[in-house]
Amino acid sequence: MTVGSILRGGFGLIRTRPGAVAIWGALYLAAALLGLAFVTPAMSTLAATPPDFEAMRPIMGMIWLYDLLLLVVMTVIFAAIFRAVIRPDQSRFAYLRLGMDELRLIGLALLLGIVAVVAMVIASLLIALLVGVIGYAMGTQAAVVVLSVILFIALGCAALWLEVRLSIAFPLTIMRGRITIGEAWRLTAGRFWTLFGAYLVGTLVISLLSMIVFWPMFGSYLVDMMHASGDPQRMNAIAQAQLARTLHPGPAMIAMWLVGGAVYAIGLALGGGMVATAAVELTGNGDGEAAIFD
């Protein structure tokens, strides 16, 4: 397994399964547009002056419902991407299913998410305690700030390391038909830099493509917000104007939605394809060899 082979797997999936990628993108775009119906009231309420937090309570319930729906949709899409690499012969319905594989992926995501939140809370409390003790002993505010930055950077690096080491747990869960964490940990031992390098290159490619595509529409908004920094009234006016353009789209915004959906579909296929390719190569899974695209 090399950085190049992982990237070839991701890009090869896009090249050889364009119809499936388009369907995945359309499904995501539909979910994203549906989200506007849930999020728009909250955005309008928060953008009001002053914000009406009491009116936010019923809206938050709708947002949580949408978050659950989005979790299911994204799980179905990623399961399809993993399946396209691991079981390329199961191509009906663009590899989309809704069954036990998807349920296991949701269970794995929730399990890892809960563990991650608990671990981050405990680690943050320990760092705060350590910084407080050392700061009290040294008596200098500058040392406390520097130490805090160093420790939180170290915590971020540790989280990234764990994320990369466990990344193939999701395609392995599809491959094995059960929630699989330990095998992912064993297979990625000594492979962190190869996996990280491939994921980093893929992320940079999609980030650059996104900047090129979205800058004409959102670049001026970001620039205006930077110039208005420190002026709450002006920032609110700019945000309201951008919100109005988003909620009452013209042809340009609709075209941007379609192009954005295509870019996001490519990003999903590339990311999921790379992770699944790594899982196939590390396990030597015979069923998926045909999907390691050269």
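No lab work stands behind these numbers, since they all come straight from the coordinates. Predicted model, so just to flag it, every value in this text is computed and none were measured. Here the Cβ positions follow ideal geometry from the backbone for every residue, glycine too, while neighbour counts run over all protein chains shown.
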Testing the spin-label approximation: label points 7 Å from Cα along Cα→Cβ at PHE192 and LEU103. State their distance in nm. 3.6 nm
How far apart, in nm, are two points set 7 Å out from the Cα along the Cα-to-Cβ line at LEU130 and at ALA255? 5.3 nm
Within region 155-211, DSSP-loop trypsin sites (Lys or Arg not before Pro) with at most 14 other C-beta atoms within 10 Å are ARG178
TRP161 versus THR203: modelled label distance in nm, points set 7 Å from Cα along the beta carbon direction: 1.6 nm
I need the phi-derived Karplus couplings for region 271-278: 6.51 cos²θ - 1.76 cosθ + 1.60, θ = phi - 60°, integer Hz, Gly and Pro marked x. x, x, x, 5, 5, 5, 4, 4
If you stretched the chain out fully between PHE152 and ARG176, how much longer would it get, using 0.36 nm times the residue separation minus the C-alpha to C-alpha distance? 5.0 nm
